[in-house]
Amino acid sequence: MSAPRICVPGKHAQIQLIPVIFYSQRICHIENGTTAGNGTYQRNGFIYSSIAGYLKTDKTDDGQVLIEVKRDIEQNVVPSVDAVVTARVTNVNPRFCKCLILSVGKIGLREPFRGQIRKEDVRATEKDKVEMYKSFRPGDIIVARVLSLGDAHSYLLTTAENELGVVMATSEAGANMDPISWCEMKCPKTLAIEHRKVAKVQPKYIQHTDT
């Protein structure tokens, strides 16, 4: 479940890059000969994404390695029942969490849809023992499945499958955490462990970038 390592063209060293990029995600450290292109910006020695999309690397005429984030397809498709979606958690309370649906399958959305995951839809077993604050936190990126259209045009989502749940989370120290089990993630900076409903990401949900 760790991020794949992609060799940047024209460089001997490898930079750890994530092909599926979310808004304001830190992509890589700025090195000599590396520059931020479309869909990215530089801050504090790192390149960040300014949009959600897919990572692209290229080599400029002057030998610079260009890091860009591209939107593959932008459509306001409507999520359908049983569709797999990517969403960002915005609010968590003891009964449910709210989120914004950012993409349906591999199609990024121009405008997000509202979604909601109820306590009973977090996992398939021991539903009565689910604690929402130990499953999701605001800012988490999740993969979920659409159950139905709920109230007030908010889609009901579920993560009650091994492949569904949190795929990206930031620790309290501000670092991207690494999954260590189906219910825990570790901060590489402080080594602190935080609880999450972790997704076992399958290759079909990841689009790799040709370099």
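Listing for the model above:
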read-out	value
Under 20 Å from K200, Cα to Cα: lysines that are on another chain or at least 8 residues apart	K106, K119, K127, K134, K186
Cβ crowding within 10 Å averaged over residues, with 79-91, 171-183 ranked highest first	79-91, 171-183
Summed residue charge, Cβ within 11 Å of G174's Cβ, Lys/Arg positive, Asp/Glu negative	+1
Sites T35 and R110 - FRET efficiency at Förster radius 41 Å, r taken between beta-carbons, to 0.05	0.90
Candidates per trypsin sites (Lys or Arg not before Pro) in segment 125-197, loop by DSSP, up to 15 other Cβ within 10 Å	K189
Environment charge at Y133 (Cβ cut-off 12 Å; Lys +1, Arg +1, Asp -1, Glu -1)	+3
Distance between segment 31-105 and segment 110-161 - C-alpha centres, whole angstrom	21 Å
Sorted by Cβ density within 10 Å, fewest first, the residues H195, H153, H29	H153, H29, H195
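Read-outs throughout are calculated quantities, based only on the coordinates presented, and are distinct from any laboratory measurement. Please read these numbers as outputs of a predicted model, since none were measured by experiment. Cβ atoms come from the backbone with ideal geometry, glycine included; neighbour counts cover every protein chain shown.
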